[in-house]
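First comes the structure, then the notes that go with it.
None of the figures in this text is laboratory data; all of them are computed from the coordinates on show. These numbers were taken from a predicted model, which means no experiment stands behind them. Ideal geometry is used to build each Cβ from the backbone, glycine not excepted, and the neighbour counts take in all protein chains shown.
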């Protein structure tokens, strides 16, 4: 996809990254997966249409009962459903978790693969979860296009705000973000989206990125 003014957008993004680093020195994933690849696989699936806070809370019981992919693969799907019910879409998610755990155990011996095509084979895993795993677990270039990232980067003018297609946005941002910064940028943008650039009533007057924000500058005119 051709991007207008890509050089200017790269320059602005570099400045935005530095401002976010100053505000959030530690780029932590909001999902508390304790460095366990399988846990992040599970939590990533549960996070669809559910808050990270809810996933973290639910997974306390889930991981107390199932400590690894082998145990979850052997579980009754109804038991998984009961624990994750409050995360929404629980029947499909429970089936995905059991099937993905079975695939991880049977085909990979419990070791998560480190390439996009292999990760996309896992039940319930799309590009968002796959990028999360590639960035957090393997330290590879990755852009996680969640709702915060899509909303905020649109407001910043990296693409039209009306664009909501995660795949197209991922393609655009990969051309603008330095590869080594993509994963941490996406974690920081989640925290920023919760605290400052909220979906409703963003705190524009208190925003450290306002000088770089197309949305804010246009609103001021």
- Which of 186, 29, 59 comes first, and how do the rest follow, when ranked by fewest Cβ neighbours within 10 Å? 29, 59, 186
- If R0 is 25 Å, what FRET efficiency do you get for residue 206 and residue 14 from their C-beta distance, rounded to 0.05? 0.65
- Treating each Cα of the chain as an identical point scatterer and ignoring solvent, apply the Debye formula and state log10 I(q)/I(0) at q = 0.13 Å⁻¹. -0.76
- Applying the gyration tensor rule to the Cα atoms of segment 156-221 (axes a ≥ b ≥ c; rounded if a/c under 1.5, else prolate if a/b exceeds b/c, else oblate), the class is prolate
- Item | Gain upon complete extension [residue 49, residue 91; 0.36 nm per residue less C-alpha separation] | 13.7 nm
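Expressed as a whole percent, how much of the Cα-Cα distance distribution for segment 37-125 exceeds 19 Å?
30
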- Query: Cα axis of helix 127-138 to longest principal axis of the chain: angle in degrees, 0 to 90, nearest 10?
  - Reply: 80
- May I ask you to sort 42, 55, 196, 125 by Cβ crowding, counting other Cβ atoms within 10 Å and putting the fewest first? 196, 125, 55, 42
- Task: Could you let me know the centre-to-centre spacing of segment 93-128 and segment 3-34, using Cα atoms, in angstrom?
- Result: 28
